[in-house]
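The values are calculated or read from the model by the stated rules, or taken from the named source; none is laboratory data. Small disclaimer: the values here were computed from a predicted structure and weren't measured. FYI the Cβ positions are ideal-geometry reconstructions off the backbone, even for glycines, and counts take in every protein chain you see. Heavy atoms of the whole protein, side chains included, go into the accessibility calculation; ligands, DNA and RNA do not. Shrake-Rupley method; radii C 1.70, N 1.55, O 1.52, S 1.80 Å.
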Amino acid sequence: YYGIQWDNKLFKFSSTGTGYYSTNPAAAAPTWTTCGNLTDVTAADLAGRHPKIYQDADGNDIIYWATRKGLKAMDFSTPQWVDTKVVYPGHENAGVGAEFWRGGLFIPIGLDVLKYTVGTPATIENVGLSQDDGLPSEYNGNIVRLYGSYDVLYAFVDATETTGTSTSSLWMYDEKGWHTFAVDSATEKTFY
């Protein structure tokens, strides 16, 4: 199960996207209500991807889920998941390790990172490590986790996720560009 707390409810979603919520999860026998099943994705589209809280165009917090196929938003009034305008090409690691940071939802796709900012209109911007000539080939890999801190967004790049000889690394983004934070001591190893 994947879990998240929102609107005084605890949500849990199965690996196939079946959703439940409880208003009394601490009770000895909590009550679970079915809600928001993801019906157009597989377990592989959700594996390693977790729901996140971010705002909608009206500034209200809602649940988003960056799947392997695109970004979904929960419409709790129906309740169902709806497609957003954030779609991306099929990539095995698309959506893994998505992170909310500094007013945007950052979604990794290989070495790309899409920054989704809600508004009228919403904006989608590619701010990934693939920009500006990309990474040197010795650091080739896939972003497997983003982590937002106070002043930078970190990206963990796993070299074992691609073919060839390369070294895993940790990069930081400060809204102006990407900078090397750390590089693994050996090639073809996971860094985290």
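So that you can scan it fast, the table gives a plain yes or no per residue for (1) open to solvent by less than 50 Å² (accessible area, probe 1.4 Å); (2) over 17 Å from residue 100 (Cβ atoms):
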site: 2; (1), (2): yes, no
site: 5; (1), (2): no, no
site: 13; (1), (2): yes, yes
site: 16; (1), (2): no, yes
site: 19; (1), (2): yes, yes
site: 41; (1), (2): yes, yes
site: 50; (1), (2): no, no
site: 55; (1), (2): no, no
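Taken as a whole, the condition of being at pLDDT below 95, closer than 18 Å to residue 118 by Cβ and within 15 Å of the chain's Cα centre (by Cα) applies to residue 70. One residue stands out in the range 136-181 among those that are assigned to a loop (DSSP other than H, G, I, E, B) and polar (S, T, N, Q): the one that is most open to solvent (accessible area, probe 1.4 Å), namely 163.
Does residue 188 qualify as being in contact with a helix residue (DSSP H, G or I) (Cβ under 7 Å, 6 or more places away or on another chain), among the acidic types (Asp, Glu) and over 17 Å from residue 91 (Cα atoms)? Walk me through how you get there before you give the answer.
Values: in contact with a helix residue (DSSP H, G or I) (Cβ under 7 Å, 6 or more places away or on another chain): yes; among the acidic types (Asp, Glu): yes; over 17 Å from residue 91 (Cα atoms): yes.
Here the answer is yes, as residue 188 does meet what is asked.
Of all the listed residues (132, 184), the sole one being among the charged types (D, E, K, R), surrounded by 13 or more Cβ atoms within 10 Å (Cβ to Cβ) and over 25 Å from residue 68 (Cβ atoms) is 184. One residue alone among 63, 4 is outside any loop (DSSP other than H, G, I, E, B) and under 17 Å from residue 106 (Cβ atoms), and that residue is 63. Looking only at residues in the range 79-93 that are part of a loop (DSSP other than H, G, I, E, B) and out of contact with any strand residue (DSSP E or B) (no Cβ under 7 Å at 6 or more places or on another chain), which one is surrounded by the most Cβ atoms within 10 Å (Cβ to Cβ)? Among those residues, the one meeting the criterion is 92. Taken over the range 30-46, the criterion of being assigned to a loop (DSSP other than H, G, I, E, B) and farther than 10 Å from residue 67 by Cβ is satisfied by 30, 31, 32, 36, 37, 39.
Each row is one residue, and each column tells you yes or no for (1) over 15 Å from residue 124 (Cβ atoms); (2) open to solvent by 80 Å² or more (accessible area, probe 1.4 Å).
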site	(1), (2)
77	yes, yes
95	no, no
101	yes, no
105	no, no
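Is there a residue in the range 183-190 that is touching a residue at least 24 places away in the same chain (Cβ under 8 Å), out of contact with any Leu (no Cβ under 8 Å at 6 or more places or on another chain) and within 16 Å of residue 97 (Cβ to Cβ)? For the range 183-190, residues touching a residue at least 24 places away in the same chain (Cβ under 8 Å), out of contact with any Leu (no Cβ under 8 Å at 6 or more places or on another chain) and within 16 Å of residue 97 (Cβ to Cβ): present.
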